[in-house]
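Peer 1: Quick one: the structure is below, questions incoming.
The values are calculated or read from the model by the stated rules, or taken from the named source; none is laboratory data. What you see is a predicted model, and the numbers here were worked out from it, not measured in a lab. Here Cβ is always computed from backbone atoms with ideal geometry, including for glycine, and neighbour counts include all displayed protein chains.
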Amino acid sequence: PALITLTRIMLLQPILLGFSNILAAITQARHRYALYSISPLLYNLGIIFGVLVLYPLMGLPGLACISAAEHAASTIRELTSALIRRALATVALPATFASTGVMVRRRDRDTTMPAD
């Protein structure tokens, strides 16, 4: 019974990991690397949390649950970053910011705004 429970919990991981990797590939194709680069750090912190907190409370099923939850969190991170980026792309920049001569990223192309 314990092996069946662990197998059922762990069965979610490949599905969530695959979906997260598809979203990560889309993020990388758009030359956005920050969130993708910190994902392993967040995953490892979650596993450490699971070992320290959930393993004493739940045993091996607790580790399986935290591992599956970390893959779900990775998928959610990638999805929300894509949605936030899309929402921010539709927001117009104020004229005072655009006139500072800084590099501004608009709809996947770099443009240099002239300084006053």
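Peer 1: Taking only region 29-81 into account, find how many residues are aromatic (F, W, Y) and under 16 Å from T5 (Cβ atoms).
Peer 2: The total comes to 1.
Peer 1: Just checking, does region 64-71 include any residue being within 11 Å of the chain's Cα centre (by Cα) and in a helix (DSSP H, G or I)?
Peer 2: Checked region 64-71: at least one residue is within 11 Å of the chain's Cα centre (by Cα) and in a helix (DSSP H, G or I).
Peer 1: Let me ask something else. Having 2 or more residues that are in contact with a helix residue (DSSP H, G or I) (Cβ under 7 Å, 6 or more places away or on another chain) and among the small types (G, A, S) is the bar; report the helices (runs of 4 or more DSSP H) wholly within region 1-61 that clear it. Quick ask: steps written out before the conclusion?
Peer 2: Details: elements: 2-10, 12-29, 34-49, 55-58.
Qualifying helices (runs of 4 or more DSSP H): 12-29, 34-49.
Peer 1: Restricted to region 1-50, and to residues that are among the β-branched types (V, I, T) and under 16 Å from H71 (Cα atoms), which residue is surrounded by the most Cβ atoms within 10 Å (Cβ to Cβ)?
Peer 2: Among those residues, the one meeting the criterion is I9.
Peer 1: I would also like to ask the following. Looking at E70, is it at pLDDT below 80 and in contact with a helix residue (DSSP H, G or I) (Cβ under 6 Å, 6 or more places away or on another chain)?
Peer 2: Against the criterion (at pLDDT below 80 and in contact with a helix residue (DSSP H, G or I) (Cβ under 6 Å, 6 or more places away or on another chain)), E70 does not qualify.
Peer 1: Can I ask one more? List, please: which pairs have Cβ atoms under 7 Å, are six or more places apart or on different chains, and start with a residue in region 57-77 that is over 24 Å from L35 (Cα atoms) and end with one that is at pLDDT 85 or above and aromatic (F, W, Y)?
Peer 2: Listed by first residue and then by second, the contacts come to G62/Y55; L63/Y55.
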